[in-house]
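Coordinate-derived values only; no laboratory data. Just so it is clear, the model here is predicted, and its values are computed rather than measured. All Cβ positions, glycine included, derive from the backbone under ideal geometry; neighbour counts span all protein chains shown.
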Amino acid sequence: MNLKNKVAYITGGSKGIGLGTAKVLLDAGMRVAISGRVLENAEKAAKTLGDTSRIIGIQSDVRNFVDEQSAVEQILEAFGQIDVVLANAGLGNFASVDEMTLDEWNQMIDTNLTGAFHTLKASVEELKKSEGYYITLASLAGTNFFENGAGYNASKFGVVGFTQAAMLDLRKYNIKVSTIMPGSVATNFNNHVPSDKDAWKIQPEDIGELVLDLLKMNPRTLPSKIEVRPTRPDLK
């Protein structure tokens with residue numbers, strides 16, 4: 001894919017992996033739209049990345065399909081096309097399954113899993129036109145279950161299965177589909193505040209570089225599921 005002026009849409013792009021990836025793609029010559037549940041946060045994040053003619057911040061709660069439809073319309077109005085979609089929006093609530101509330105469960109399933117479907121459903125016709133790329137941000141929690149992770153595991157196992165099946169559905173349109181499954185990443189996830197103590201972790205821009213590598217790969221080759229983890233664990 002020749003990336004010059006191609007257009008990427010990144011959900012959950014106002015911080016963390018989404019924002020780090022947006023910067024990498026902008027530096028590669030692409031135009032980028034980032035979304036967040038709060039418009040002000042998305043717009044502020046976009047401004048931190050520089051050239052406002054090539055990046056926009058828009059409001060969308062991926063749990064709401066109408067929001068995602070509106071986001072796609074705004075991107076088309078601003079940039080005229082969509083070539084890459086990164087379904088990155090996600091959250092985690094961690095509790096024993098007997099103590100987890102209905103709201104905590106529904107938040108994760110609706111954001112992490114149904115949100116990924118909404119994003120693809122809203123953008124898939126544009127991806128058919130561009131013969132583009134759809135990428136989900138899953139997690140190693142999508143293959144490794146753990147205590148107090150029932151809801152999060154369920155959502156991320158679902159994202160992995162959804163993405164792999166979507167890959168089979170969409171490749172006949174020359175749409176490439178991949179899921180990225182990171183381990184520990186230095187982000188604000190679960191109200192964490194990144195610091196120097198997180199230097200051992202994957203950094204957000206590292207995921208951005210991985211996305212860029214996928215986009216640059218020969219069209220005949222598709223890494224459909226990528227596990228990525230820190231080289232070394234926290235040595236403390």
*Return the calculated 222 nm mean residue ellipticity for the chain, to the nearest 500 deg cm²/dmol, obtained by summing -39500 (n - 2.57) across DSSP H runs with n ≥ 4 and dividing by the residue count.*
-12500 deg cm²/dmol
_the range 93-144: GluC sites (Glu not before Pro) in DSSP loop, at most 13 other beta carbons within 10 Å_ = GLU99, GLU131
*Mind grabbing the base-10 log of I(q)/I(0) for the range 7-228 at q = 0.12, 0.15, 0.18 Å⁻¹? Debye formula, identical points on the C-alpha positions, no solvent, two decimal places.*
-0.58, -0.94, -1.40
*asked:* To make sure I understand, if each residue's beta carbon is the centre and we count other beta carbons within 10 Å, what order do SER60, SER178 fall in, fewest to most?
replied: SER178, SER60
*Give the order of MET217, MET30 when sorted by the count of other beta carbons within 10 angstrom, beginning with the fewest.*
MET217, MET30
*Order of ARG37, ARG229 - criterion: other Cβ atoms within 10 Å of each residue's Cβ, fewest first*: ARG229, ARG37
*When the Cα centres of the range 55-75 and the range 159-236 are compared, how far apart do they sit, in Å?*
22
*Rounded Å value of the spacing that divides the Cα centres of the range 77-105 and the range 22-46*: 17
*Using alpha-carbon pairs under 8 Å, 6+ residues apart, how would you state the relative contact order of the chain in percent?*
21
